[in-house]
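Participant: The structure is given below, and queries will be raised subsequently.
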């Protein structure tokens, strides 16, 4: 076994070890911490698989923001007590184990029996890159060749935030999500929350901008911006905005709205829904992405903040 | 050179795994709060070396993202840990 | 020239790996949270800095080099502040002396 | 054994682990975590398949990559909604149990089995 192969096996073993910890450990808080570590480390596998765009997304959304979301819920549900009454019996456990092993074995068999040579769409994606003027094939697929998926994904984000907000109690309807955080204004946390966001905003915009030609893009940049916003909120430097605000709702629909308008424009003037005119393809895509990074940052931040809890005073 | 760097990243990964075992075992939640911090140093070092080994220059951007998000996760660990401590009746000087 | 660069890389990355080893031994062997925190944030950050130093000669452009250095600075900032916050939480968790 | 195969097998095990946790763990939050683990395994399978499709100086087939990025964002949205529902349930009833038969706060009574 070569040294590279040994390393790959070791990396897979570490990640799987964290996965086992996440499932097997008794305490929910420990499981959540394990899952955050898992999500951040999976980014290493994605880099090894040469899928840097996905590595960025997994590190930002899968590990960072997703983990913090689960962590917040774990901290709040701490005093919920054990739910031993619902624990399944031995028969269910054994059946579940058999089912899981069979599923994993079937997938493993499929991985081992994949056709050779592997089918690929990479040459086509590269050959048609001139249609948009962007050099990153993943951005091309996301924003041009499969733009419909990306637009609907934005709609899913929007539906999720509507769903979360609709869970607000009557007296907090349209109010501020989450608790109001307070911290010592001269403390370490506030110091970090003042120092880090400017750096984070620059990095977020850089990741977004470089996405045209190198790995990166609006999701990854938006996730970084959202985490910086939440950092300022956690340090008590700012409050979550009341969800009834008009400007907030405008930002939330700006991304998918502009995407839809451009798509309908393609139907009206061009060949099909979401067909960009070749001369304006790059400016149009950039325009949509600028609107999208704002929408994504606001939506991800508000999804983490949760349902409104405090009414507007 | 590639062999050396692969061995180095394997070694750092092993150290990271041992550190994670030690941290996740606890005994307390304050130990577990260090997990994101550990990945913010060891994981990033492994990622940077891996990017050089695999020939993926953009791995530096992933490391930059990971550095920011690991810091954010660390802060969230501390804040959520604090809120659960407050629920136990012990307040915090940082939050007063 | 490339030989000199490779020697710098090998020396610095080896030194970095040694400090990661030291940090992990500290995590495994130290008795309480505060000392383990010390091992984690000091030794590992020095290890990261040495790895960054070792990779600088291999960087393909000035921009990549600057990004590498800024990653280390971010790591230092995070280590310095987060260790303070965790230590404070640890002090509240233990009984008063 | 090449890299994509190793990580493909790793992904298969992650799916199995997630499925087991999803079925057997009684705590709803743990079910959500297990579901995310399962999803992450599925994404890794896409990554392994895409890596085998590396061609034309692209290291990983961009179409599965784009699908995975969309999938990660959708999984995050679903997780956020599930957690909001769970927190509201806890706020309303004081327990996280989903079975309507069990009375709230009767957690120490292992009557179900």
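Every read-out reported here was derived from the displayed coordinates using simple, explicitly stated rules and does not represent laboratory data. Because the structure is predicted, anything quoted here is derived from the model rather than measured. In this analysis, Cβ positions are derived from the backbone assuming ideal geometry, glycine residues included, and neighbour counts consider all displayed protein chains.
Participant: Which whole-number percent of Cα pairs in segment A:1-79 have a distance greater than 20 Å?
Facilitator: 37 percent
Participant: Once label points are set 7 Å from the Cα along Cα→Cβ at both residue A:312 and residue A:128, what is their separation, rounded to one decimal in nm?
Facilitator: Between residue A:312 and residue A:128, the simple spin-label model gives 4.6 nm.
Participant: Taking the convex hull of the alpha carbon atoms in segment A:124-313, what volume per residue do you get, in Å³?
Facilitator: 112 Å³
Participant: Between A:110, A:232, A:55, find the one with the highest GNM mean-square fluctuation for chain A; connect C-alpha pairs within less than 10 Å.
Facilitator: Its mean-square fluctuation being the largest, the pick is A:110.
Participant: Please give the FRET efficiency for residue C:18 paired with residue A:26, using the beta carbon to beta carbon distance and R0 = 30 Å, rounded to the nearest 0.05.
Facilitator: So, using R0 = 30 Å, E works out to roughly 0.25.
Participant: Determine the gain in length on full extension of the stretch residue A:182-residue A:250; use 0.36 nm per residue of separation and subtract their C-alpha separation, reporting nm with one decimal.
Facilitator: Stretched fully, the residue A:182-residue A:250 segment lengthens by 21.6 nm.
Participant: Let me ask something else. With springs only between Cα atoms under 10 Å apart, run a GNM on chain A and tell me which of A:172, A:127, A:97 wobbles the most.
Facilitator: For chain A, modelled as a Gaussian network with Cα springs under 10 Å, the answer is A:97.
Participant: Å³ per residue of the Cα convex hull, for segment A:223-313?
Facilitator: Looking at segment A:223-313, the number lands at 106 Å³ per residue.
Participant: Could you tell me the extents of the protein assembly as shown's C-alpha atoms along the three principal axes, largest first, rounded to whole Å?
Facilitator: 63, 63, 56
Participant: Here is a follow-up. What FRET efficiency, computed as 1/(1 + (r/R0)^6) with R0 = 60 Å and r the Cβ-Cβ distance, is obtained for residue C:7 and residue A:170, rounded to the nearest 0.05?
Facilitator: Approximately 0.30, to the nearest 0.05.
Participant: Only helical DSSP H runs with n ≥ 4 go in: add -39500 (n - 2.57) per run for chain C, normalise by residue count and round the 222 nm mean residue ellipticity to 500 deg cm²/dmol.
Facilitator: Using -39500 (n - 2.57) per qualifying helix, the result is -27500 deg cm²/dmol.
Participant: Using the C-alpha atoms of segment D:3-93, what convex hull volume per residue, in cubic angstrom, is computed?
Facilitator: Cα-based convex hull of segment D:3-93, divided per residue, equals 70 Å³.
Participant: Sticking with this structure for a sec: For chain A, what does the helix formula give at 222 nm: sum of -39500 (n - 2.57) over DSSP H segments with n ≥ 4, over the residue count, nearest 500 deg cm²/dmol?
Facilitator: Helices in chain A give a 222 nm mean residue ellipticity of -21500 deg cm²/dmol.
Participant: I'd like the Kirkwood hydrodynamic radius of segment A:1-139, using the inverse of the mean 1/r over distinct C-alpha pairs, in Å.
Facilitator: It is 18.6 Å.
Participant: Just to be sure I understand: with springs between alpha-carbon atoms less than 10 Å apart, which residue in A:195, A:121, A:260 has the highest mean-square fluctuation in the Gaussian network model of chain A?
Facilitator: Comparing A:195, A:121, A:260 in the GNM, the peak value goes to A:121.
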